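A.B. asks: After the structure tokens below, expect a handful of questions from me.
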Amino acid sequence: MKELSGRLVIYLVGAACIFIILFGIRASAYILNPILLAIVITITVLPIPGLLKQRGLPGWLALVLTILTVVLILAMVIMTAFFSITGLADQIPQYLNQGSRDISATNAANTTVSTSGLLSSAQASRIAQSMLASVLNLLVQLGWALVIFFFMISAAISLPTPSRLGLNPQTPMVAHVSHLTEDVRKYLGVLTGINLMVGLGDALLLWILGVDYAFLWGLLAWFMGYIPSIGFIIALIPPVVMAYLQYGLETALIVLVGYILINGGVQNLIQPKLMGNRLSISPVVVFIGLFVWGYLLGGIGAILAVPLTMLVLIIMENFEGTRTLAALMRYTGEEPSEDRQKAAATVKGFLNKLRGAPTEDG
């Protein structure tokens, strides 16, 4: 009984420490977001300078070209999003007026429907200002991430190998970190290409249908593709609403079906072949991690939910007390039979340990 009470105290203290750390992360989100985003970008593009040097370019030129490529791409995204959303915010009352006129024209029972039936001009202005402020906050964090990325990739390229730093490359911690960076790089590389295909397909569909700001909605589809599970739904709502306000219910339904076909086709046919079972994380853990990181870090936390969850699992696997829980969180049911048996034995031992029952090891 005394041993059980002592174990319960340890668990309670550990849970309290976790909550303190989590709320400390939430309070520091504005500082952590650009740093985490810069780390992920650095990990993703780190092999590019080496590939350029293999083509015969000097090291400094390979570094400069890598930085310029990343800066130009993100700068184009930031400028496009800023100007498009600024123009959209100014035109929201016009779209609402047009939608109100369409509703009143089709409503024979009530011919007095006005803009107030949807949203008043004051409400529309407040929504537009709130949306613009949120986007500006996100763009500022992206700008800071670019600045941090500039210094981070320069330091990463000049960093010596682990052996030259006096570290043993065969130690579990170094091997886990190397494995993590490789997994994050491949995951984000494949996902970026898939999101680009989805964004271009969605933008082309909207452009053919004549929906305003088609490129902005394609950019949103590309951006939201990094958010698992709910990113597609978030990217779907604005273009469907825009199509409804411009052309009515029929065009909105076409946009809805088109999005489902494009996104569903790519994610169900192309993504599994390119990505495979690379993550080795339970879908339930990914889904929960999305809400946890989204709550702690906001929108950027939702985008980085998968890499951050992978980092937490790597840390847990390096400590004896949390290694079993990490193995349980990585179990997806698609492992080979031997791995499934090991996972089942691990879970059984973990449950016996919680009950205080003796394990097979004695």
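The values are calculated or read from the model by the stated rules, or taken from the named source; none is laboratory data. Keep in mind it's a predicted model, so treat the numbers as computed, not measured. With ideal geometry, Cβ positions are generated from the backbone for all residues, glycine too; neighbour counts draw on all protein chains shown.
A.B. asks: With the structure loaded, tell me whether A62 is of a type in the set (G, A, S) and either modelled with pLDDT of 75 or more or closer than 30 Å to L46 by Cβ (or both) or whether it fails that test.
C.D. replies: Working: of a type in the set (G, A, S): yes; either modelled with pLDDT of 75 or more or closer than 30 Å to L46 by Cβ (or both): yes.
Yes.
A.B. asks: Something else now. Got a number for residues in the range 133-191 being at pLDDT 75 or above, more than 21 Å from the chain's Cα centre (by Cα) and among the charged types (D, E, K, R)?
C.D. replies: Residues flagged as at pLDDT 75 or above, more than 21 Å from the chain's Cα centre (by Cα) and among the charged types (D, E, K, R) within the range 133-191 amount to 0.
A.B. asks: Among residues belonging to the range 209-231 that are in a helix (DSSP H, G or I) and aromatic (F, W, Y), point out the one that is farthest from Q267 (Cα to Cα). Spell out how you get there, then give the answer.
C.D. replies: Filtering the range 209-231 for residues in a helix (DSSP H, G or I) gives 209, 214-224, 231.
Still in the running and aromatic (F, W, Y): 215, 217, 222-223.
Values: F215: 21, W217: 18, W222: 13, F223: 15 Å.
Among those residues, the one meeting the criterion is F215.
A.B. asks: Now, a different point. Do any residues in the range 24-37 that are assigned to a helix (DSSP H, G or I) have Cβ atoms under 8 Å from those of residues that are of a type in the set (G, A, S), where the two are at least six apart or on different chains, and which pairs are they?
C.D. replies: Filtered contacts from the range 24-37: A29/G298; A29/G301; N33/A145; N33/G298; N33/G301; P34/A145; I35/A145; L37/A145.
A.B. asks: Among the residues in the range 52-59, are any of a type in the set (S, T, N, Q) and surrounded by 10 or more Cβ atoms within 10 Å (Cβ to Cβ)? Steps first, please.
C.D. replies: Within the range 52-59, the first condition is being of a type in the set (S, T, N, Q), and the residues that meet it are 54.
Now drop any that are not surrounded by 10 or more Cβ atoms within 10 Å (Cβ to Cβ), which leaves none.
No: the range 52-59 contains no residue that is of a type in the set (S, T, N, Q) and surrounded by 10 or more Cβ atoms within 10 Å (Cβ to Cβ).
A.B. asks: If you go through the range 232-250 one residue at a time, how many are crowded, with 18+ Cβ neighbours inside 10 Å and in contact (Cβ under 8 Å) with a residue 40 or more places away in the chain?
C.D. replies: The qualifying residues number 3.
A.B. asks: If the Cβ limit is 6 Å and pairs must be 6+ apart or interchain, which residue in the range 218-231 that is closer than 13 Å to L290 by Cα and touching a residue at least 60 places away in the same chain (Cβ under 8 Å) pairs with which residue that is among the aromatic types (F, W, Y) and surrounded by fewer than 20 Cβ atoms within 10 Å (Cβ to Cβ)?
C.D. replies: Hits for this filter: S229/F287.
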